[in-house]
1. Would you pick out the residues in the range 129-180 that are assigned to a loop (DSSP other than H, G, I, E, B) and closer than 21 Å to residue 269 by Cβ?
2. Residues to consider are 124, 82; find the one that is of a type in the set (Ser, Thr, Tyr), surrounded by fewer than 18 Cβ atoms within 10 Å (Cβ to Cβ), at pLDDT 95 or above and more than 30 Å from residue 186 (Cα to Cα).
3. Tell me the residue from 77, 47 that is closer than 30 Å to residue 167 by Cβ, of a type outside the set (Lys, Arg) and open to solvent by 20 Å² or more (accessible area, probe 1.4 Å), please.
4. Residues being aliphatic (A, V, I, L, M) and open to solvent by 10 Å² or more (accessible area, probe 1.4 Å): count how many of those fall in the range 26-44.
5. Looking only at residues in the range 205-244 that are within 24 Å of residue 35 (Cβ to Cβ) and surrounded by 18 or more Cβ atoms within 10 Å (Cβ to Cβ), which one is modelled with the highest pLDDT?
6. Wholly within the range 1-119, which helices (runs of 4 or more DSSP H) include no fewer than the required count, namely at least 1 residues that are within 18 Å of the chain's Cα centre (by Cα)?
7. Taking into account only those residues within the range 175-213 that are within 26 Å of residue 121 (Cα to Cα) and of a type in the set (Phe, Trp, Tyr), which is farthest from the chain's Cα centre (by Cα)?
8. Among the residues of the range 159-171 satisfying the criterion of being without any contact (Cβ under 8 Å) to a residue 60 or more places away in the chain and within 15 Å of the chain's Cα centre (by Cα), which is nearest to residue 244 (Cα to Cα)?
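The values are calculated or read from the model by the stated rules, or taken from the named source; none is laboratory data. Nothing here was measured: the structure is a model prediction, and the numbers come from that model. Heads up, the Cβs are rebuilt from the backbone with ideal geometry, glycines too, and the neighbour counts pull from every protein chain shown. Side chains are part of the model used for accessible areas, which takes the heavy atoms of the whole protein and leaves out ligands, DNA and RNA. Shrake-Rupley method; radii C 1.70, N 1.55, O 1.52, S 1.80 Å.
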Amino acid sequence: MITAPVFLVGCPRSGTTLLQRLLDAHPMLAIAPETHFIRRFWLKRDAYGDFAAPGAFERLVEDVIQMPEFADMQLDATEFRTDAARIERRIPAIFDLLLGSFARRRGAGVVGEKTPNHLLYMPTLEEFFPGARFIHIIRDPRAVVNSWRTVPWSTGSIAGDTAVWQRYMQTAWKQPPAPGGLHVMRYEALATEPERELRAVCDFLSIPFEPAMLSFHERESRTVDFDREPWKKNAAGPIQTRARDQWRNALTPEQIFEIERTAWGEMVRLGYQPERYTGPSLIRRARSAARRLLSRP
């Protein structure tokens, strides 16, 4: 039984796949792919009905087996069904079994899972797994929104995509895990100082630093299907420092202004410097000064 997994979380397109690949290269770690377990199963638990009823829990087990990520984890379906028949008939128990089976197959001492939007459900995951740990990777919203223009889940607008980033950031500080259960890192720092950032992560997980993480790209990914999810292909090769500032040339001044206007509060709180939107307080002061000038005789 896995009692304290680590969850890699963050707004999508913030570097969670890169972080997954880096950590999964550590011999003591096994980082499972995106199961979207909360969205797929926990939020839809009423559809399964009472697990005491014949066939209800078995339907859940089969749905878990049918996930493409189950195949990515290279688990044996027959063995999983047999093990599921022995556990408590609860959704948290099947998630525990899934992660535990993956850890045993990989022979890892620490198991993790990478679903970015599990950031929105950290309290729920703590109820599933007391002592669970979370690594939250944060990225400049201008880079995130620029990246979202190439993925199928974009809202279709700059403001809409920015609002998603803002919701993730606000949820992270309004609904944090228990003290000591969260490690926050920046994509920009990981891209420029990977060893320093990975050493900090290893300290958080109480495991030794492993240099093999820095050469993650030299082996084929065991948990990311780049053909099924082509938007992740940047994580197939070495860390690309240029990806940090690509938004500067890719976005128009108007798009940058819209992102900064929408996310201004969270950007300032997180230390990302707006370049085109000066903020509501400055605008109010400027308007007030203009009114005073116009009111003079």
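1. Within the range 129-180, 139, 140, 175, 176, 177, 179 qualify.
2. The conditions single out 82.
3. Only one candidate qualifies: 47.
4. 2
5. Here the answer is 205.
6. Ranges flagged: 16-24, 68-72, 91-106.
7. 204
8. Looking at residues that are without any contact (Cβ under 8 Å) to a residue 60 or more places away in the chain and within 15 Å of the chain's Cα centre (by Cα), I get 167.
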